[in-house]
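The structure appears below as structure tokens.
The values are calculated or read from the model by the stated rules, or taken from the named source; none is laboratory data. In this text, all values refer to a predicted model and were calculated from it rather than measured experimentally. Methodologically, a virtual Cβ is constructed for each residue, glycine included, from the backbone with ideal geometry; neighbour enumeration extends over all protein chains shown. When the accessible area is computed, the model is the full protein with side chains, heavy atoms only, and any ligands, DNA or RNA have been set aside. Shrake-Rupley method; radii C 1.70, N 1.55, O 1.52, S 1.80 Å.
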Amino acid sequence: MTITRRKFLGWIGGAAAGSATLAGTVAHGASNKEFKGYPGSFGVLHDITKCIGCRKCEQACSEVNAMPAPNKPFDDLSVLEKERRTTVTTHTVVNKFDKREFDKSATSQSGNAEDSGDKLGGDKQVINSSGSLFVKKQCNHCLEPACASACFVNAFKKDRTGAVTYNESLCVGCRYCMVACPFNIPTYEYDEPLTPRVMKCTLCLPRIQEGKLPACVEICPKEALVFGEREELIKQARMRIQKYPDNYVDHIYGEHEMGGTSWLYLSPVPFNEVGMREDLGKHSAPELTAGALSAVPIVVGLWPVLLTGIYAISKRKDKIAQEEQKEAVAKVKEDAQEQMALKLEELKKKMNKEREIAIKTEVKKALDQAAKASEAKATKLSEEEQ
Amino acid sequence: MTLQTISIKSRLINNPLIKKVEWTPVNIVTAIILVMGFFLTIARFFGGLGTVTNLDDNNPWGVWIGFDLLCGVALAAGGYVTSSACYIFGLKRFHSAVRPAILTAFLGYALVAFALNYDVGRPWRLPYPVFYSPGTSSLLFEVGLCVFLYLNVLFIEFTPAAFEWLGLKKIRSFVVGLTMILTIFGVVLSTLHQSSLGALFLIAPSKLHPLWYSGYLPVYFFISSMFAGMSMVIFEGSLAHKYLHHKMDDTHLSESDGVVLGFSKAASFVMMGYLGIKLIGLAIDNNWHHLFTGWGLWFLFELIGFVAIPAFMYAVAARDKNVKFARIASVFAVLGIILNRLNISLIAFNWHLPSSQRYFPSWMEIATSVFIVTLGIVVYRFITAYMPILYEHSDYKHDNSNQNANSHDD
């Protein structure tokens, strides 16, 4: 739950689409819908305590899938000394792990438990004298496979029988399935130049459809592998743990790992001591990516609106700036004109005044002159009269 | 003066004859790389991935994805960043930077698509996810669809330059009229595929080191693509100024410093924000204790050395209007993006595997990547030599900003 929420919060921030993102996720990971596998689908229970590392399952697998014979024959057990993974020509491998802790509980349990009604955990031949544990590895056929979720051409499908199938006629060879698989199972024909395929266990789907057991289960001499309906297998596994609590850790590997797998495992020691990761979490692959995928429609829906809005705003800002500029220019012009008119008026007034003064002085001058002249004339006249 | 020189230039480019190749040292090295690429191509398609690469079942993705795809797409983000800055956010002074950025982006994406043909097993099926059997639950489908569509968008955005070169005025003005729609479409598609490249790794929390794995991966990739794009525009601009200065017109030259400083300011802000959300990611997953391990040092090396420091350098460059300093910062920022993408796809991926099972690229893988980058540079040089990328075509000088170009035929 927390992972999904964190992812969603991330996307809210990223897409700047808060409430809408939440609405978009209802159909996906955030809802309480859960896929628990097809009802009645099959699986295999691998009881690690029973495996003796005979490699017969490897041989059967190789033969059923018509693989080339390996360099070392299948009865050569020295191969087990090195931890192996699945390869293009080996869809299943058995690995050996030295057990340390288990000795005490093994000795306390071995021998009895002859409950005839229990044919599963009954005859505990538990640990062989070498003191090693053997673990078979193959595709776990997840209920919600990471490979199928990751494949961008739907080449992987979860079949109703439980098998995860691969359709090579669609495969582009991008190898994202191999990146996605938490168990590092799919392999790739790197040496095939033009028609490379992804190779992995098929759960022997063709044999299941014929009503047969998967080849590895059929050949197992120790009943370390049990084929059946997954729901049934979980019940049986739980029964074994309950009945022999000292023989097993209280954990059915595959019941919840990565949303659950069709293969289930029982172990006498913590699973990370036998090369199986316990930190995978319970979230299936689709749950991990649903948040990111649900943001797609929101981005597609909201971005154009937001961006057009920003465009409109910046356009409008330009337009307003232009108008303001025009207005400002007009105002400056008007002001200038007004000022000019005022100045002109003043100038006119000043000029008028000056002219008036000038006229006045001129008139005065003329009058004065005339007065002087008449005065002079008068004195002259009087002088002449005298 | 300028009008004259431009008309001479336009006469030069209207000349359909292609100049003879001069055998300068650079051209000789280029030729050697191209020939080597040819042989590597043969080795890849006749021998399979196994002959050329160090890939194996635990390490299905190598440098062809980590560098060619992830870095290629991030560094080609300049296209959407520049065109949205200019056309959507109305920063007209970035106008002369749009064409080179679109060209780089188009070539970048074209090369990503080209490189994918080497990496996938059956390249002729690359159209399958879009046209034949879409796996819609896959983030790789989202990447594929968006990259495919965006490549088309970039191609259309690029065509006006080619139409101007070829003198096709009517169709050129039609395409120029689509600028806004194409830009918005470009941002939508870039948001989606830049982020979903990060989201590709959401499916593998058990394989990617917790310091790099985060529910925010898509956000990190998208945000970092922004400053990757800006830094690449600055970096590429400094290269273009060194080698293609004579191709630039006065507008480009007078605007280029403003573009560098504008982008370095923006990049500085975005990088600070990116640092912030990286810290939030650390806090939310409570990954602080990992910081005191070797991986933590490497994480801090990336984050401080190649995000915080270039962000600070950008800020100083923008404040002091120091174009040279901004260009140095852009080198660090670009290296930081490459480091981040390689960390997520290769270095911190499968970190829990013993070193004997880890991946290191073969020389042939690296050489193929070098070949593909070289191919891009050759095409870039050809296009900038003949088409109006770093200058405006004299016939369209004034209607580049005014999108309703008058369509008259000569």
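Just one residue in the set A:277, A:238 is farther than 21 Å from residue A:160 by Cβ, open to solvent by 10 Å² or more (accessible area, probe 1.4 Å), at pLDDT 90 or above and within 14 Å of another protein chain (Cβ to nearest Cβ); that residue is A:277. Screening the stretch B:324-362 for residues that are touching a strand residue (DSSP E or B) at 6+ places or on another chain (Cβ under 9 Å) and open to solvent by 20 Å² or more (accessible area, probe 1.4 Å) and picking the one that is farthest from residue B:43 (Cα to Cα) gives B:351.
Of all the criteria given as (1) over 21 Å from residue B:56 (Cα atoms); (2) open to solvent by 30 Å² or more (accessible area, probe 1.4 Å); (3) out of contact with any strand residue (DSSP E or B) (no Cβ under 8 Å at 6 or more places or on another chain), the one not satisfied by residue A:68 is (1). Can you tell me which residue is nearest to residue B:258 (Cα to Cα) among those in the stretch B:269-323 that are touching a Gly at 6+ places or on another chain (Cβ under 7 Å) and buried (at least 20 other Cβ atoms within 10 Å of the Cβ)? That would be B:310. In summary, residue B:140 fulfils each of the numbered conditions (1) in contact (Cβ under 8 Å) with a residue 60 or more places away in the chain; (2) more than 28 Å from residue A:191 (Cα to Cα); (3) open to solvent by 10 Å² or more (accessible area, probe 1.4 Å); (4) hydrophobic (A, V, I, L, M, F, W, C) with the single exception of condition (2). For residue B:187, the conditions (1) over 25 Å from residue B:312 (Cα atoms); (2) touching a Ser or Thr at 6+ places or on another chain (Cβ under 6 Å); (3) of a type outside the set (D, E, K, R); (4) away from chain A (no Cβ under 14 Å) are fulfilled apart from (4).
Applying a threshold of 6 Å to beta carbon distances and a minimum spacing of six or more residues, or different chains, the list of pairs starting in the stretch A:134-145 at a residue that is aliphatic (A, V, I, L, M) and ending at one that is open to solvent by 10 Å² or more (accessible area, probe 1.4 Å) reads A:143/A:37; A:143/A:259. For residue A:193, state whether it is within 9 Å of another protein chain (Cβ to nearest Cβ), part of a loop (DSSP other than H, G, I, E, B) and over 19 Å from residue B:50 (Cα atoms). No, not satisfied. In the set (1) in a helix (DSSP H, G or I); (2) open to solvent by less than 20 Å² (accessible area, probe 1.4 Å), residue B:59 fails one condition alone, (1).
Taken residue by residue, the stretch A:320-334 has at least one member that is open to solvent by 100 Å² or more (accessible area, probe 1.4 Å), among the polar types (S, T, N, Q) and closer than 30 Å to residue B:88 by Cβ.
A residue that is facing chain B (nearest Cβ under 10 Å), open to solvent by 100 Å² or more (accessible area, probe 1.4 Å) and not hydroxyl-bearing (Ser, Thr, Tyr) cannot be found anywhere in the stretch A:289-306.
For residue A:368, which of the numbered conditions (1) open to solvent by 100 Å² or more (accessible area, probe 1.4 Å); (2) more than 12 Å from chain B (Cβ to nearest Cβ) fails to hold? For residue A:368, the exception is condition (1). The single residue among B:156, B:234, B:203, B:223 that is in contact (Cβ under 8 Å) with a residue 12 or more places away in the chain and surrounded by fewer than 23 Cβ atoms within 10 Å (Cβ to Cβ) turns out to be B:156.
I need the full set of residues from the stretch A:164-178 which are open to solvent by less than 20 Å² (accessible area, probe 1.4 Å), over 16 Å from residue B:129 (Cβ atoms) and touching a Lys or Arg at 6+ places or on another chain (Cβ under 9 Å), in order please. Passing the criteria: only A:164.
Do the conditions hold for residue B:53, that is, is it open to solvent by less than 30 Å² (accessible area, probe 1.4 Å) and polar (S, T, N, Q)? Against the criterion (open to solvent by less than 30 Å² (accessible area, probe 1.4 Å) and polar (S, T, N, Q)), residue B:53 qualifies. Go through B:46, B:67, B:94, B:89 for me and flag whichever is away from chain A (no Cβ under 13 Å) and hydrophobic (A, V, I, L, M, F, W, C). Of the residues listed, the single one that is away from chain A (no Cβ under 13 Å) and hydrophobic (A, V, I, L, M, F, W, C) is B:67.
Residues in the stretch B:203-216 that are more than 8 Å from chain A (Cβ to nearest Cβ) and within 25 Å of the chain's Cα centre (by Cα): B:208, B:212, B:213.
All but one of (1) surrounded by 22 or more Cβ atoms within 10 Å (Cβ to Cβ); (2) part of a strand (DSSP E or B) hold for residue A:227; which doesn't? Here residue A:227 clears every test but (1).
Take the conditions (1) closer than 30 Å to residue B:392 by Cα; (2) hydroxyl-bearing (Ser, Thr, Tyr); (3) in contact with a Gly (Cβ under 8 Å, 6 or more places away or on another chain); residue B:214 misses just one of them, which is (1). Against the conditions (1) more than 19 Å from residue B:193 (Cβ to Cβ); (2) touching a Gly at 6+ places or on another chain (Cβ under 6 Å); (3) touching a residue at least 40 places away in the same chain (Cβ under 8 Å), residue B:54 satisfies every one except (2).
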